[in-house]
Structures are given as structure tokens and as C-alpha cells.
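First comes the structure, then the notes that go with it.
Quick note: the coordinates plus some simple rules give every number you see, no bench work behind them. What you are looking at is a predicted structure, and each value in this text was computed from that prediction instead of being measured. Please note: Cβ atoms are built from the backbone with ideal geometry, for glycine as well, and neighbour counts cover all protein chains shown.
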Amino acid sequence: MVKVEFLGPIGKDPVELNINTLEELADYMLKSDELKEWAENSAVAVNNTIVQDHNFQLKSGDVVTILPPVCGG
């Protein structure tokens, strides 16, 4: 299982998913009305390292963090 954390304004509690790639996570998010707006514009970190490859292989125990874009001054 992979733990997925959603930061900031996403406002969703962490979930544990049986997924193998970040592409599978994107598919999960796109199917959720609550998450689909964040699926394409958020950064993704795996075990605290930013990852951009949707084919990145996940393993049991990984922690994936969804980092929404932020505004500030």
C-alpha cells in the first residue's frame, strides 16, 4: 500500500491505495470530483522528493504527497 497525503487547500485526509505508478494515482484523482481539479496542476513528491515522471514505480510503504500550487507575496 502507498500512503497519499494531500496538502494545503485540497482539504482531504490521507488515503492508502494499492497503486504501482503515479499514472494510477492520477487516474484515481481524475475519477474523484473532489480531487480532479488538483490532478493536473499539483506537484507530486515521493518520499519527500519531487517526481515528474508519471511512470515512476511506487513500492509498498512509499509516501506520496500532492502539493497544490500556492499564491503568495
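Worth a mention:
- Sum of -39500 (n - 2.57) over DSSP H runs of 4+, divided by residues of the chain (222 nm, nearest 500): -4500 deg cm²/dmol
- For the chain: relative contact order, % (alpha-carbon pairs under 8 angstrom, 6 or more apart): 42 percent
- Cα centre as origin, Lys/Arg/Asp/Glu Cβ charges: the chain dipole, Debye: 140 debye
- Matching label, P(r) over Cα pairs in 5 Å bins from 0, in percent computed from the structure shown, candidates (i) 3, 15, 22, 23, 24, 11, 3, 0; (ii) 4, 16, 31, 29, 14, 4, 2, 0; (iii) 3, 11, 10, 9, 10, 10, 9, 8, 7, 13, 10, 1: (ii)
- Beta bridges per DSSP, both residues in the range 2-67: antiparallel share near 70 percent.
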